[in-house]
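The values are calculated or read from the model by the stated rules, or taken from the named source; none is laboratory data. Since we're looking at a predicted model, the values are computed, not measured. Using ideal geometry, Cβ is built from the backbone for each residue, glycine included, and neighbour counts are taken over all protein chains shown. Only protein heavy atoms, including side chains, enter the accessible area calculation; ligands, DNA and RNA are left aside. Shrake-Rupley method; radii C 1.70, N 1.55, O 1.52, S 1.80 Å.
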Amino acid sequence: MEQEQLVAIHKNNAGEIISFQTSSGRIISYRKAIMEASTGTISGVNINEGADGTNSLVSADGSGFEQYPDIY
């Protein structure tokens, strides 16, 4: 299976990213994106573990996701 990349984001009213669109057109939740990044299904991102034990995604180049277009 070919690796997908994240290509667009969707934020909630608080400005937090809640879902992503992949290069194949799938819309997946933030949690699903973390799971798929950890298994290698999604490339181009890194997983950071916070001091409180929660995981978050960051783009592999460190530029963040702000330059990604909105899904909707």
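Taken as a whole, region 48-60 holds at least one residue that is surrounded by fewer than 10 Cβ atoms within 10 Å (Cβ to Cβ) and hydrophobic (A, V, I, L, M, F, W, C). Candidates ILE18, ILE27: the one that is closer than 15 Å to TYR68 by Cα and open to solvent by 80 Å² or more (accessible area, probe 1.4 Å) is ILE27.
Residue by residue, here is whether (1) of a type in the set (Ser, Thr, Tyr); (2) free of Cβ contacts under 8 Å to residues at least 60 places away in the same chain holds:
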residue: THR41; (1), (2): yes, yes
residue: ASN48; (1), (2): no, yes
residue: ALA51; (1), (2): no, yes
residue: TYR68; (1), (2): yes, no
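Taking every residue in region 26-37 that is of a type in the set (Phe, Trp, Tyr) and pairing it with any residue that is surrounded by 15 or more Cβ atoms within 10 Å (Cβ to Cβ), at least 6 positions away or on another chain, the pairs with Cβ-Cβ distances below 9 Å are TYR30/ILE17; TYR30/SER19; TYR30/PHE20; TYR30/LEU57.
Would you tally the residues in region 1-10 being touching a strand residue (DSSP E or B) at 6+ places or on another chain (Cβ under 9 Å) and open to solvent by 70 Å² or more (accessible area, probe 1.4 Å)?
Within region 1-10, the first condition is being touching a strand residue (DSSP E or B) at 6+ places or on another chain (Cβ under 9 Å), and the residues that meet it are 3-10.
Among the residues that remain, those that are also open to solvent by 70 Å² or more (accessible area, probe 1.4 Å) are: 3, 5.
The qualifying residues number 2.
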